[in-house]
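The values are calculated or read from the model by the stated rules, or taken from the named source; none is laboratory data. If you're wondering where the values come from, they're calculated on a predicted model, not measured in any experiment. Cβ placement follows ideal geometry from the backbone for every residue including glycine, while neighbour counts extend to all protein chains displayed.
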Amino acid sequence: MNFKIVYKHIMTDPLYRNSLFNMASTFILGGLGFVFWIIIARLYKTESVGIATTLISIMTLLSSFTILGLNVSLNRFLPKSTQKNELINSTFVIVTIVTFLATTVFLLGLQFFSPQLLFLRSNLLYSISFILFVIFCSWNILVESTFMAFRAAGNILTKNIVISMTKLVLPFVLITLGAYGIFASTASAFSLGVLMSVTILITRFKIRPSIAVNIPLVKKTSAYSFANYMADFMFNMPALILPVIILNVLSAKFVAYYYIASMIQNILLIIPTATSQALLTEGSYDEDELKKHVKKAVVTIFAILLPATAVIVLAGNIFLKFFGKNYALEAFSFLQLYSISTLFTALLLISNAIMNVRHQIKSLIVANVFAAVLTLWLSYAFISGKLVGIGWGWIVGQGIAGIVSLGFIMRNLRIAK
């Protein structure tokens, strides 16, 4: 009976429900992604894995750069908007145009950004498909924010199941493309999931597609969007730039080791990311209850994150051995440090959600720029120690940012009280 009461409470509380659905959907994406990368590690050379994971990181970096913070604006303003259709359409159109332009500039400047990826320009199919894949990656962020704003995170779960199942098949089909085949397998699966999500928005939520942009509506949220653009981009930037740095300073095989370890750590990161997104949504619906929502979010995150982190720290080498002995040998110590740092990152994500709800825009930007620059600088400064050095730089940078964020959270809870 107690279990039934707890289950009913969780499923009727929007913050718990959206958090758990979002976690479950990303756990499925990460869990089956784990199987996907085991297949990749067995089918392809380590150097090919390194090049492919660099491409995936660049695709994610470009989408983070071109999203312009509009995903968080959807999450924050869509719940109470009387112009939901116009807000969604305007966001998709703007992001599509900016993504196309930015990706084209990146391809033209490959000799400056990363000469080892110049093969993207040697084949017109590679160039065109790369641009489309980055656009769909940006759309993926937007559809997830839209579903969260509609309190319909169950659709994210459905989308990620489709993505995960598709990814398991494509590596065998695209094996002749080498490193680009690995990248295309991931990107094509994401594209299919996004197309399905757009169909759900049209049929179930009655969103009418349009290429029109409501400029006055966009202007109302422009300051908020820009602030979150800066904050989100800076938050994600270190992890996405590191593969390029490792490729240029160390070698492609170390990129592969780094990426597989970070993929396992990203499963941990799902927990605070999903819960902080739900915290932002619920705080947007009722800011007066923010203190209560923050407490629930903190309990939810650390009740799941602490034991999960302990498992990875103690048994992470077992997971890495699935990819090969070299992965376990080279990446385990880095994975331990990287996993522990998630506890500090969680505090930064909670404080970001609070600042978003309270419109503390300057603090949001400063906090994330500080955390990103410090973490990336320390990781690069210790790169002579290879992945272990990067791990120590990362944990120190995130640790300092997390302690500062904890002080901010406590101060805001005292003010609310």
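Among the residues of region 343-365, write down those that are of a type in the set (A, V, I, L, M, F, W, C) and either within 14 Å of Gly407 (Cβ to Cβ) or crowded, with 19+ Cβ neighbours inside 10 Å (or both). Full working, then the answer.
Filtering region 343-365 down to residues of a type in the set (A, V, I, L, M, F, W, C) leaves 343-344, 346-350, 353-355, 357, 361, 364-365.
Within region 343-365, Leu343, Phe344, Ala346, Leu347, Leu348, Leu349, Ile350, Ala353, Ile354, Met355, Val357, Leu364 meet the criteria.
Tell me whether region 15-36 contains one or more residues that are modelled with pLDDT of 75 or more, in a helix (DSSP H, G or I) and in contact with a helix residue (DSSP H, G or I) (Cβ under 6 Å, 6 or more places away or on another chain).
Of region 15-36, the ones modelled with pLDDT of 75 or more are 35-36.
Add one more test, that the residue is in a helix (DSSP H, G or I), and what stays is 35-36.
Remaining after also requiring in contact with a helix residue (DSSP H, G or I) (Cβ under 6 Å, 6 or more places away or on another chain): 36.
So far as region 15-36 goes, yes, one or more of its residues are modelled with pLDDT of 75 or more, in a helix (DSSP H, G or I) and in contact with a helix residue (DSSP H, G or I) (Cβ under 6 Å, 6 or more places away or on another chain).
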May I ask you to verify whether Thr158 is among the polar types (S, T, N, Q) and at pLDDT 85 or above?
no
For the list (1) at pLDDT below 85; (2) surrounded by 18 or more Cβ atoms within 10 Å (Cβ to Cβ); (3) of a type in the set (Ser, Thr, Tyr); (4) closer than 30 Å to Val72 by Cβ, I need the number of the one condition that Tyr285 fails.
(2)
Mind telling me which of the residues Val218, Val213 ends up being surrounded by 17 or more Cβ atoms within 10 Å (Cβ to Cβ), over 19 Å from the mean Cα position of the chain (by Cα), within 12 Å of Ile88 (Cβ to Cβ) and modelled with pLDDT of 75 or more?
Val218
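Answer yes if at least one residue in region 315-325 is free of Cβ contacts under 8 Å to residues at least 12 places away in the same chain, loosely packed, with under 15 Cβ neighbours inside 10 Å and either outside any helix (DSSP H, G or I) or of a type outside the set (D, E, K, R) (or both), and no otherwise. Full working, then the answer.
The initial filter retains those residues of region 315-325 that are free of Cβ contacts under 8 Å to residues at least 12 places away in the same chain, namely 315, 318, 321, 325.
Remaining after also requiring loosely packed, with under 15 Cβ neighbours inside 10 Å: 315, 318, 321, 325.
Those left that are additionally either outside any helix (DSSP H, G or I) or of a type outside the set (D, E, K, R) (or both): 315, 318.
There is at least one residue in region 315-325 that is free of Cβ contacts under 8 Å to residues at least 12 places away in the same chain, loosely packed, with under 15 Cβ neighbours inside 10 Å and either outside any helix (DSSP H, G or I) or of a type outside the set (D, E, K, R) (or both).
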Among (1) within 25 Å of Ala189 (Cβ to Cβ); (2) modelled with pLDDT of 90 or more; (3) surrounded by fewer than 22 Cβ atoms within 10 Å (Cβ to Cβ), the one test that Phe133 misses:
(3)
